[in-house]
Amino acid sequence: MVRGQTPEEFQKATANLAYAFGRRHARVYSERPDDPPIRSGYWALVLGAVDRLRFRDRPSVVYLVVVRTDALRTLVDPFDVPSVPDFTALPLARREDLRHWCLHLLATHVLIGGATRSGKGSVLWSLVRVLAGGISSGLVRLWVIDPKGGMEFAMGRPLFARFACKSFEAMADLLDEAVTVMRERQTRLAGAVRVHTPTLADPLVVVVIDEMAALTAYLQDVDLRKRIAGSLGLLLSQGAGVGVLVVAALQDPRKEVLPFRDLFPTRIALGLTEAAQVDLVLGDGARNRGALADQMPRWAKGVGYVILDGTPEPARVRFSYISDDHIRELAAEYPAPADAADILAQVGRETATEPTRPPLPRQRRGPLLPDSLLNILDRDTDGGEPR
Ligand SMILES: Nc1ncnc2c1ncn2[C@@H]1O[C@H](COP(=O)(O)OP(=O)(O)OP(=O)(O)O)[C@@H](O)[C@H]1O
Ligand SMILES: [Mg+2]
């Protein structure tokens, strides 16, 4: 850049630049300097002073990428299901440079904003899919709230430890119980660790909410709405550190509809209807830095903008497309284990029947009793039938 120019000026002029080069899109990335090397020895002081100048955090080069063919035009096939999910890098989408965009799901909450039919379902299902290995091995518990009466998630019911889709009271109960799990962990883990790592004994509880506005704004029953708002506020402000996370999708990100917007550290913006909504979802200035989520063409289902770590410019990505058949396969192959629901006793107000669940392939703990004695005890409790 010439002295006096800033990356923001290039970002504002992307449409003009694209036009000048006869292309549809142009993107501007500013360069960030690496960390300076660690100096030692005789010249350390002098070299350190030079490094401070060379590596100062002030971009001097901008990259202008002129887009000829859109890498996101083709559908993105579902990614492989890892048997042990890496919670720090869950691949969910394809980036414009054809690399994977990975979500860091530890100690964060995720907000997905997108107009109707923009593909919020594919974001949620892409996430469920990469977590599936952890679900069946007991590292992850999905507690799912589907206020649309089960239209989105009912098909994957065996994957979920808890599921509420019809009665709002059951949804409020589910959230209350998530708060109880959080409180219990807080008292147990206080002083031991500061950030929770998922284990079989203390799995990651992910509360997935499709169409969150149904709970926070459109619900008629005021008392119930207040109760839900209370527990959501607690979960969002304190749950991340103890492994009780919220992943929520919604259509309308205005403050009246979602008062807790600022409590979500990770945000994803799919196609939106108004320019002003982009900044509401991704944070101030995101649209000026290139997140044109309000200008999605009609084919761009599941295409959205995310903020990458360490770069100010939002990245455009396309989430993997999970078809109904994929969902059925997932549900058959990775069901939640038998004891998934009883982190807390099931309230059981929901009418949907619990699916049968395979037992968890876990070593029975009880080193104090010899096997022969355990077998006798098992037989006694099961009415004579050996397990
Ligand atoms: N990643 C994707 N790639 C291609 N097509 C997609 C993708 N995600 C969704 N679609 C298609 O877009 C349409 C809408 O998707 P979806 O139902 O997920 O949207 P939504 O945002 O959840 O809508 P609603 O607000 O109505 O629930 C569907 O027909 C689906 O097949
Ligand atoms: Mg949906």
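Go through the residues of region 107-115 one by one and say whether even a single one is of a type outside the set (A, V, I, L, M, F, W, C), away from ligand 2 (no atom under 16 Å from the Cβ) and under 12 Å from the mean Cα position of the chain (by Cα). Yes, that holds for at least one residue. For region 97-114, taking the residues that are assigned to a loop (DSSP other than H, G, I, E, B), open to solvent by 20 Å² or more (accessible area, probe 1.4 Å) and not charged (D, E, K, R), the one that is farthest from ASP77 (Cα to Cα) is identified as ALA107. Do we have ASP80 as in contact (Cβ under 8 Å) with a residue 24 or more places away in the chain, charged (D, E, K, R) and assigned to a loop (DSSP other than H, G, I, E, B) here? Criteria not met by ASP80.
Considering only residues in region 121-142 that are assigned to a strand (DSSP E or B) and not basic (Lys, Arg), the one that is nearest to ligand 2 (Cβ to nearest atom) turns out to be LEU142. The single condition among (1) at pLDDT 90 or above; (2) in a helix (DSSP H, G or I) that PHE87 does not satisfy is (2).
The number of residues in region 143-161 being in a strand (DSSP E or B) and away from ligand 2 (no atom under 16 Å from the Cβ) comes to 1. Criterion applied to ALA172, ALA154 was being at pLDDT 90 or above and open to solvent by 10 Å² or more (accessible area, probe 1.4 Å), and the one residue passing it is ALA154. If only residues of region 307-321 that are modelled with pLDDT of 95 or more and crowded, with 20+ Cβ neighbours inside 10 Å are counted, the one that is nearest to ligand 2 (Cβ to nearest atom) is PHE319.
Consider region 141-151 and keep the residues that are more than 13 Å from ligand 1 (Cβ to nearest atom) and farther than 18 Å from ALA332 by Cβ. The one that is surrounded by the most Cβ atoms within 10 Å (Cβ to Cβ) is ILE145. Take the residues of region 191-216 that are of a type outside the set (A, V, I, L, M) and over 18 Å from the mean Cα position of the chain (by Cα): which is most open to solvent (accessible area, probe 1.4 Å)? Ranking the qualifying residues of region 191-216, first place goes to ARG194. Give region 259-276 a look and list any residue that's surrounded by fewer than 22 Cβ atoms within 10 Å (Cβ to Cβ) and out of contact with any strand residue (DSSP E or B) (no Cβ under 6 Å at 6 or more places or on another chain), or say none. PRO259, PHE260, ARG261, ASP262, LEU263, PRO265, THR273, GLU274, ALA275, ALA276 - these are the residues of region 259-276 that are surrounded by fewer than 22 Cβ atoms within 10 Å (Cβ to Cβ) and out of contact with any strand residue (DSSP E or B) (no Cβ under 6 Å at 6 or more places or on another chain). Inclusion of GLN186 among residues that are exposed (fewer than 15 other Cβ atoms within 10 Å of the Cβ) and polar (S, T, N, Q) is not warranted. One residue alone among LEU124, LEU131 is over 17 Å from LEU224 (Cα atoms), modelled with pLDDT of 95 or more, open to solvent by less than 10 Å² (accessible area, probe 1.4 Å) and within 11 Å of ligand 1 (Cβ to nearest atom), and that residue is LEU124. Can you find even one residue in region 245-258 that is away from ligand 2 (no atom under 16 Å from the Cβ), open to solvent by 20 Å² or more (accessible area, probe 1.4 Å) and of a type outside the set (Lys, Arg)? For region 245-258, residues away from ligand 2 (no atom under 16 Å from the Cβ), open to solvent by 20 Å² or more (accessible area, probe 1.4 Å) and of a type outside the set (Lys, Arg): present. Could you please let me know if ARG298 is more than 16 Å from ligand 2 (Cβ to nearest atom), free of Cβ contacts under 8 Å to residues at least 40 places away in the same chain and more than 16 Å from the chain's Cα centre (by Cα)? Here the answer is yes, as ARG298 does meet what is asked.
The values are calculated or read from the model by the stated rules, or taken from the named source; none is laboratory data. Values in this document were obtained by computation on a predicted structure and should not be read as measured data. All Cβ positions, even for glycine, are placed from backbone atoms using ideal geometry, and neighbour counts span all protein chains on display. Please note that ligands, DNA and RNA were not included when accessible areas were found on the heavy atoms of the full protein model with its side chains. Shrake-Rupley method; radii C 1.70, N 1.55, O 1.52, S 1.80 Å.
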